Amino acid sequence: MAAPRTVRILREAKAGLDERGDVLVCLSPAAENSGIQIAIESTLKSLFGDQIRASVLGVIEGYGLKDLKLTVRDQGALDYAIRARVQTAIERALKEGE
Amino acid sequence: MPDTNGVVNAAGRKVPLEIDGRRYRPYAGAFAEPPKEDKRRVGPRLGTILHPGDECMVPTLREAIERIELKDGMTVSFHHHFREGDKVLNMVMAEIAAMGFRNMTIAPSSLYSVHEPLIDHIKNGVVTCIEGGSARGKVGRAVSRGLMDRPMVIRSHGGRVRAIERGDLHIDAAFIGAPCADTIGNCNGVKGPSACGPLSYALADAIYSEKTVAVTDYMEETPVIPISISQEFVGTIVRVDNIGDPSKIVSNTLRLTRDTVNLNIAKNAVRVIEASEVFRNGIRFQTGAGGISLAVTKFLGERMKKRGIVGSFGMGGTTESMVKLLEEGIIHKILTVQAFDQYAIQSLLKDVNHIEIGAGFYANPHNRGTAVNLLDVVILGATEIDIHFNVNVNTHSDGILQYPTGGHSDTAAGAKLTVITTPLIRGRIPVVVDDVVVVSTPGESVDVLVTDYGISVNPRRQDLIEQLKAARVPLKTIEELRNLAYSITGRPKKPEFTDKIVALIEYRDGTLIDVLREVTPGR
């Protein structure tokens, strides 16, 4: 498998809902070499905080993204929903123009 | 050599043998600890001689507290029939604080979110110990985070009465919120603007406390009828403006859930009951007011009607749906320890076959007749259930104290068929797990788990497995259900605790079944 390309996000984007059983993901660009900054709020942080971070990072790394800020507001979303919301936010952030 | 810090009990939990000046025996099995032969019921001191014309009424709460000669360090008790609408506990404790009392123990039959002012009374040293029920909302959170130096004692309804009768829980003054009272101390809960139904949880308090104060906001001609708590036990009566918020005491109507997940769980629970040997004429059952439980009551009634089965009695947690079964002749009688809606209260007033029972009658394992032992079926919930069928109803999965035991462990021990109904997962939280945070009800008294992903029978009940298989009820092992839950949610991190014990979970026989520790700060 080829190493993932390095991609930069260009704009802010959101995905998901701030509702029970869902997660709101907000993504914004960051300065070069500032790295991946993730802030997680979750009603289940003590139980699933580490897993949420790992899932979010997994999706980001799959896109080869390097510098960005991402906030997660989780209200007990299942793992696949969290991954899908992050993916959607990234796809939106990568789109040019509009 | 036994570890002086504790022993592993029959539920597999390590518990101390001595804590906070109390000596405990470890839980040894649901019926393993009968009361000591030479042990007697305790009783309050006798009163003085009563003269004709003696008055029990005092004009203010303060005068009531002065009259009973309350002192620092005493134990005061309350009942929880007003639920989130209760004004009595806060009112009395505010007065006790204002009068400068300190180091008090409170013994409520349960606590609700509305009792949040307790947190300040604890911080200010007015209250230093809580015995009984459990704590919901912010009080539960605060206790779990180590608010108190002394551990809270959590007891079931039956266990609380047992503790009172044995003297483990000595009550100096019972403050009884009485929706309807008279001038010599007779009370009931079925009349007046703050009607709550029965006064079941307060009965033992009234009989065994050194002093009993009825706090009322509605009076009728002496004697009030019906009499739930008798003048023999009530020495002081005070009338205040308002003892409860009616809209939060009982519901006008509890609606049947429209959640298809819960409806299906209820249907499957009824299928289990119908396939078991207890589904026959004379069946006795208890359901409650939760979404699934309400639906079970309705569906079970429908199946009984269809199959021509007539039940002996329903018990609970009484709701309109249970009363309807009585009115339709599907069951003969109702025994009520709590009324959840107006319809149930009205039925208590008018139907001779619907009676109020005290918490001791209901569930005390050490008296001469306890109603839970008559149950064929009980439908219960769980915040967690583990692969040994141990059930936690006291804490959330994160270890924070949230719910009382209520009659959970009492009815589970008594009923022939104990059914736990719960969704397999709640949000992202798995309900079926490897190990529960605390054991409220031991797995040995749980027979069946019904979830939206399948039904599992406790392997101790091979007879039941045969009955259900014969009726083609599909079964899974509890390990399969746990695996299914974890495959959907992921395996949550275990809550972390310090060494400090914040709550003692007493089994109904007075042994220690588990302890809850302080949640690690910052988590």
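The values are calculated or read from the model by the stated rules, or taken from the named source; none is laboratory data. The model shown is predicted, which means the values in this text are computed figures rather than measured ones. Every residue, glycine as well, gets a Cβ built from its backbone with ideal geometry; the counts of neighbours run over all protein chains shown. Keep in mind that these areas ignore ligands, DNA and RNA; they rest on the heavy atoms of the full protein, side chains included. Shrake-Rupley method; radii C 1.70, N 1.55, O 1.52, S 1.80 Å.
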Name the pairs: first residue in the range B:148-165 and among the polar types (S, T, N, Q), second residue in a helix (DSSP H, G or I) and open to solvent by 10 Å² or more (accessible area, probe 1.4 Å), Cβ to Cβ under 8 Å, at least 6 apart or on different chains? B:S156/B:H408
Search the range B:45-61 for residues that are farther than 22 Å from B:E220 by Cα and pair each with any residue that is surrounded by 10 or more Cβ atoms within 10 Å (Cβ to Cβ) when their beta-carbon atoms are under 7 Å apart and the residues are at least 6 apart or on different chains. B:R45/B:E210; B:G47/B:G235
Those strands (runs of 3 or more DSSP E) lying entirely in the range B:297-407 with at least 3 residues more than 23 Å from B:G133 (Cα to Cα): B:311-318, B:331-339
Among (1) within 14 Å of chain A (Cβ to nearest Cβ); (2) crowded, with 24+ Cβ neighbours inside 10 Å; (3) not aromatic (F, W, Y), which single condition is B:A412 missing? (1)
Which members of the range B:95-127 meet the condition of being in a helix (DSSP H, G or I) and under 19 Å from the mean Cα position of the chain (by Cα)? B:S113, B:V114, B:H115
So is B:I68 out of contact with any His (no Cβ under 8 Å at 6 or more places or on another chain) and surrounded by 13 or more Cβ atoms within 10 Å (Cβ to Cβ) or not? yes
Could you list, in sequence order, the residues of the range A:47-78 that are touching a helix residue (DSSP H, G or I) at 6+ places or on another chain (Cβ under 8 Å) and closer than 13 Å to A:L24 by Cα? A:I52, A:V56, A:L70, A:V72, A:D74, A:A77, A:L78
Scan the range B:379-399 and tell me whether some residue there is hydrophobic (A, V, I, L, M, F, W, C), closer than 22 Å to B:V15 by Cα and surrounded by fewer than 21 Cβ atoms within 10 Å (Cβ to Cβ). yes
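Let's see how each residue does on (1) more than 14 Å from chain B (Cβ to nearest Cβ); (2) at negative phi; (3) in contact (Cβ under 8 Å) with a residue 12 or more places away in the chain:
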| residue | (1), (2), (3) |
| --- | --- |
| A:A13 | yes, yes, yes |
| A:T43 | no, yes, yes |
| A:S46 | no, yes, no |
| A:I60 | yes, yes, yes |
| A:A77 | no, yes, yes |
Has the range A:52-64 got at least one residue that is more than 13 Å from the chain's Cα centre (by Cα) and farther than 27 Å from B:I425 by Cβ? no
Could you check the range A:18-41 and list, in sequence order, the residues that are modelled with pLDDT of 95 or more and either open to solvent by 80 Å² or more (accessible area, probe 1.4 Å) or within 14 Å of another protein chain (Cβ to nearest Cβ) (or both)? A:D22, A:V23, A:I40, A:E41
Looking only at the range A:42-83, count how many residues are in a helix (DSSP H, G or I) and among the basic types (K, R). 3
Does the range B:207-218 include one or more residues that are open to solvent by 30 Å² or more (accessible area, probe 1.4 Å) and assigned to a loop (DSSP other than H, G, I, E, B)? yes
Select from the range B:257-284 the residues that are more than 25 Å from the chain's Cα centre (by Cα) and of a type in the set (G, A, S) and list them in ascending order. B:A275, B:S276, B:G282
Selection from the range B:128-177 of residues that are basic (K, R) and either open to solvent by 10 Å² or more (accessible area, probe 1.4 Å) or assigned to a helix (DSSP H, G or I) (or both): B:R136, B:K138, B:R141, B:R145, B:R150, B:R160, B:R162, B:R166
Somewhere in the range B:413-420, is a residue of a type outside the set (D, E), under 19 Å from A:L47 (Cα atoms), out of contact with any Pro (no Cβ under 7 Å at 6 or more places or on another chain) and in contact (Cβ under 8 Å) with a residue 12 or more places away in the chain? no
Give just the number: which of (1) of a type outside the set (S, T, N, Q); (2) touching a Gly at 6+ places or on another chain (Cβ under 7 Å); (3) buried (at least 20 other Cβ atoms within 10 Å of the Cβ); (4) within 10 Å of chain B (Cβ to nearest Cβ) does A:R85 not satisfy? (4)
